[in-house]
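Okay, structure first, notes after.
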Amino acid sequence: MDDTLRLSRYDRWDEPAPLQGESAAALQDVPPLLAQILHRRGIDDPAEAAAFLATEGGPLHDPMLLAGMAEAVDRIRLAIAHGERIAIYGDYDADGVTATALLTEALQIAGADVVPYIPLRSEGYGLRDDALADLARDGARLVVTVDCGVGSAAEIARAHALGLVVIVTDHHAITGAIPGVAVAVLNPRRPDGGYPDSGLAGVGVAYKLAVASLRAVDAKASDRFAESALDLVAIGTIADVVPLLGENRSLVKRGLNVLRKTPRPGLRALIESSGTKKDNLDERDVSHRLAPRINATGRLTEAKISLDLLLEQDTARAESLARQLEISNSERQRLMEESVIRARSLLESAPDRAFVAIRDDDCLPGVAGLVASRLTEELTRPVAVLVPLGGQLRGSVRTCTDFPVASSLAECADLLLSHGGHARAGGFSVALERYEELVERLSELAAAAASGGVRRALSIDAELTLRDLTLPTYELTRRLAPFGHANREPIFLTRGLKITSKRAVGKNGSTHLRLTLEDTARQRAAAIAFGRGSDIDRLPPYVDIAYQLSRDDFGGTTRIEARVVDLRPAWRRPSSARGSGSLQG
């Protein structure tokens, strides 16, 4: 088969039908392009469309709707009144770090004696007996968990025996008994909770507790904090890849506005050192620039460095900490690239399975998930990268297919020492002697998931022409932002484009593809295809491209280019430009 025929990384493209009939009539007051996209996403009701497009998003729910909130607030207020030390037990990823910083700040404002604690990645996720014992010896009486704890009933019971009182705030799926001796377990996924939105990130749950706790002490301070803390909420929510719908979308929309003008010395230093332009800062800047730097210290050294940055009030000290994050992030990038190259080499001798498992004794645990993410996109199969640690294997799983990670790991619980995660990402630990059996079972589950139909279908939102690649079109689509999980950036289709120039670009000179494309009307557009540099010699003269719109403000001039999601050979050039500039309305 001609190599050009294998350009697409998807099994098929799901192309849109024109908006018409009742749906078109219902959305007649919405700009046509947005109406087409909303329809593709199942929004045909005028009121629902108006709410989705509202500038500030929907309302934020009352924190007291979370089951257990009243008990948690009462116990925190008691601790403050009696001068008890409160320990915030966090997690080492960006969601956990921002949640820890946020709740620490709120309780300090409330007058509490509060100390934050974040474990090292090498110590593992979740509550640990030795850490809780250390906190008790250091004078803590109340422990509030953030982004962890819902699966730690045994550890909480042992902490209770040490004299510790525990409040759990978490957002992970509840797979076992809710910790019974905890004063309160705040989790929007509680089946008995009734909270209106189950999709909050860990930082979102911590934010609810922080606002409610401050309100019980000082209502005005609570109102100020509820607004000022949204920058941290936005970062943690985006970083944890939770659905950007409902309350999460409202939190992030508002939080990005706060982040652009944040007074926090730490975030200002981080924005500056990462090369982010704060005036146009959006969710992609958070996910590609800010969050990876916050995560980097937890991956390589200790997340406390990032926590210190977020809490720092001195500008010079904040700039010094931001430089440390830059160093860690650069090292993280180098180690990840080395690990990806090593993993590709290991794959050459690996059996061909529906579930790809790679054991890499030289990979750092902190970059294993990043390597798995890169490989699942390349292989279009679920991937686990496993690293030996303490006489067992610790694995990070990622998928870009319909393979459900968390529930699949739960089906292997009898083989695992620990496990957890979400639909598309997870982690586990397994004894060395159970490794092969685990991989076999996960491969069976992955094969069963793939057999249900096409594994990889790319959903196209609308068809455009190159003359539609303008700033007004880009700004129109931004009304649908912030984009992320469950609300991805719109993907557009343009057919029959001639490649007039092509070159490989990137740090090593061949990682990405930069293209100039031309349609039959001689309209041209620039395009960038990330990670497709190796395809340069396989490109046919004409292609159809699926892409997202990208804004480039380099040199003070704004340009809109196509960020390629996928491409395929064009079977024929259209006799006239298809799509419609009139979609802009």
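So the values come out like this:
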read-out	value
Selection count where residues are modelled with pLDDT under 95 and part of a strand (DSSP E or B), scope segment 514-556	2
Counted residues, segment 347-369 - those being surrounded by 15 or more Cβ atoms within 10 Å (Cβ to Cβ), free of Cβ contacts under 8 Å to residues at least 60 places away in the same chain and among the aliphatic types (A, V, I, L, M)	4
Filter pass, ALA94 being small (Gly, Ala, Ser), crowded, with 18+ Cβ neighbours inside 10 Å, closer than 30 Å to GLU489 by Cα and without any contact (Cβ under 8 Å) to a residue 24 or more places away in the chain	no
Filtered residue count, segment 413-437, keeping only those that are over 25 Å from the mean Cα position of the chain (by Cα), outside any helix (DSSP H, G or I) and of a type outside the set (Val, Ile, Thr)	3
Helices (runs of 4 or more DSSP H) lying entirely in segment 127-229 (those with 2 or more residues that are acidic (Asp, Glu))	129-137, 219-228
Residue count for segment 1-40, restricted to those that are within 24 Å of PRO472 (Cβ to Cβ), touching a helix residue (DSSP H, G or I) at 6+ places or on another chain (Cβ under 9 Å), charged (D, E, K, R) and buried (at least 17 other Cβ atoms within 10 Å of the Cβ)	0
Test: residue in segment 313-326 that is closer than 26 Å to HIS422 by Cα, among the polar types (S, T, N, Q) and not assigned by TED's automatic domain parsing to the domain that holds ASP91	no
Hits in segment 178-190 (condition: surrounded by fewer than 24 Cβ atoms within 10 Å (Cβ to Cβ), more than 17 Å from SER407 (Cα to Cα) and free of Cβ contacts under 8 Å to residues at least 60 places away in the same chain)	ILE178, GLY180, VAL181
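Condition check ((1) more than 18 Å from ALA101 (Cβ to Cβ); (2) in a helix (DSSP H, G or I); (3) within 20 Å of the chain's Cα centre (by Cα); (4) of a type in the set (Gly, Ala, Ser)) across all residues:
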residue	(1), (2), (3), (4)
ALA234	no, yes, yes, yes
THR237	no, yes, yes, no
GLU247	yes, yes, yes, no
LEU251	no, yes, yes, no
ASN257	yes, yes, yes, no
LEU270	no, yes, yes, no
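The values are calculated or read from the model by the stated rules, or taken from the named source; none is laboratory data. Everything numeric in this text was worked out from a predicted model, so none of it was measured. Here the Cβ is made from the backbone with ideal geometry for all residues, glycine too, and neighbour counts use every protein chain on show.
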